[in-house]
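> What follows is a single structure, and I will ask about it in a moment.
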Amino acid sequence: MELHRKNVLKGYNIILYFAGSMIMNEPTEECVIDFWKNGKLRNLPVSSSNPRFLKAAELLRDSCNDKTKCKQDLAQDFYRLFSVCGLPLAPAYASIYLKRNGNPPESAEKVSKFYESYGWKYNSRTKIGDDHLGVELLFLTGLIDKYMILDDEPCRSEMRNEIRRFIDHYLLSWLAYWNEDVQEHAKTLCYRGIGTLIQASVEDLHGLFS
C-alpha cells in the first residue's frame, strides 16, 4: 500500500478515536488541554474537500475560546446530548434512530454478530450497548488497522468490501439523523463540530474504500 494512502487512513483513525471518545465519556481536563488549549484541533490530521468536513473543521477551530469554562461547558453538553440517564437529546444508539425511521430496531444484535465474526468484543465497565456510535467507530478503526497491514491484494479487496459493508449497514443508515439532533440541541460549537466531523469522516472513508 502506498505511504500516502496509509497516512491518510491513519489520520482518519486518529479523528475517529478522538471523536468516539468524546461521545462515550465525559470530556476530561486533560482532553481539553490536549485538543483545545494546545491547538491540536486547529490542524486536523487529514484534509478533505467534503463540505461537511470543512464545516466541522471551521466549527472546531472557533470552539472552546474561553478555556476556563470549556471543560464545564463540554461536560454539560455531553450529559444533555448523550447521557444514558434521563432523556438524552441526541442518544448515540443506532437502534433508536432506526426505530424512529421505521426500520427494524434489532441493530444491536446484528452489529454484535458482525463484531463476533472478527472475534472482537468491546470491554467496558459501563453499560454501553454494541450499537453505540462510539463502539461502532472503535470497531471501524480496528478494521482499518487490519486493512493497513495486509500485503495481499485479494485480501485487501475483501477487507475493503467488508469496511464498506459495515459503514453502509451500521453507520450511514442512521448517522445523518443523529447529527441533525446534535446540531439542533448542542449548545457548544465543540459538539456541533464533533457531530459533523464524525459524519464527514465516515462519508470520506466510504469513498476511499469504494
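Bear in mind these aren't lab numbers, they're just calculated from the coordinates by the rules spelled out. Remember, predicted model here, so these are calculated numbers, not experimental data. Glycine also receives a Cβ, built like all others from the backbone with ideal geometry; neighbour counts cover every protein chain displayed.
> At what distance in nm do the modelled label points of Ile33 and Lys99 sit from each other, each positioned 7 Å from its Cα along Cα→Cβ?
4.1
> Right, something else. Show me, for the stretch 8-19, the HN-Hα J-couplings you get by feeding each phi into the Karplus relation (A = 6.51, B = -1.76, C = 1.60, θ = phi - 60°), rounded to Hz, glycine and proline as x.
Each residue's phi maps through the Karplus curve to give 4, 5, 4, x, 5, 4, 4, 4, 5, 4, 4, 5 Hz.
> Counting helices only, and only those DSSP H runs with n ≥ 4, report the 222 nm mean residue ellipticity of the chain as the sum of -39,500 (n - 2.57) divided by its residues, in deg cm²/dmol to the nearest 500.
-21000 deg cm²/dmol
> Rounded to two decimals, what is the ratio between the C-alpha radius of gyration of the stretch 154-210 and 2.2 N^0.38 Å?
Against the empirical 2.2 N^0.38 Å value, I get 1.33 for the stretch 154-210.
> To continue, here is another question. Output the Kirkwood hydrodynamic radius of the stretch 67-179, Cα pairs only, in Å rounded to one decimal.
After inverting the mean inverse Cα-Cα distance, the result is 15.7 Å.
> Let me ask something additional. Report the GluC sites (Glu not before Pro) located in the stretch 43-121 that are in a DSSP loop and have at most 15 other Cβ atoms inside 10 Å of their Cβ, or state none. If you can, show how the numbers build up before the last one.
Details: sites: Glu58, Glu106, Glu109, Glu116; in loops: Glu106.
Sparse-neighbourhood loop GluC sites (Glu not before Pro): Glu106.
> Still on this structure, please answer the following. Measure of size requested: the Rg and Dmax of the stretch 3-208, with Cα atoms as the atom set and Å as the unit; please supply both.
Gyration radius and largest Cα-Cα distance of the stretch 3-208: 16.7, 52 Å.
> Counting pairs of alpha carbon atoms under 8 Å apart in space and at least six apart in sequence, what relative contact order in percent does the stretch 3-208 give? Please report the intermediate quantities before stating the final value.
Working: 217 pairs, mean separation 67.1, N = 206.
Answer for the stretch 3-208 is 33 percent.
> Which cysteines in the chain lack any other cysteine whose Cβ sits under 4.7 Å from their own Cβ?
Cys31, Cys85, Cys155, Cys190
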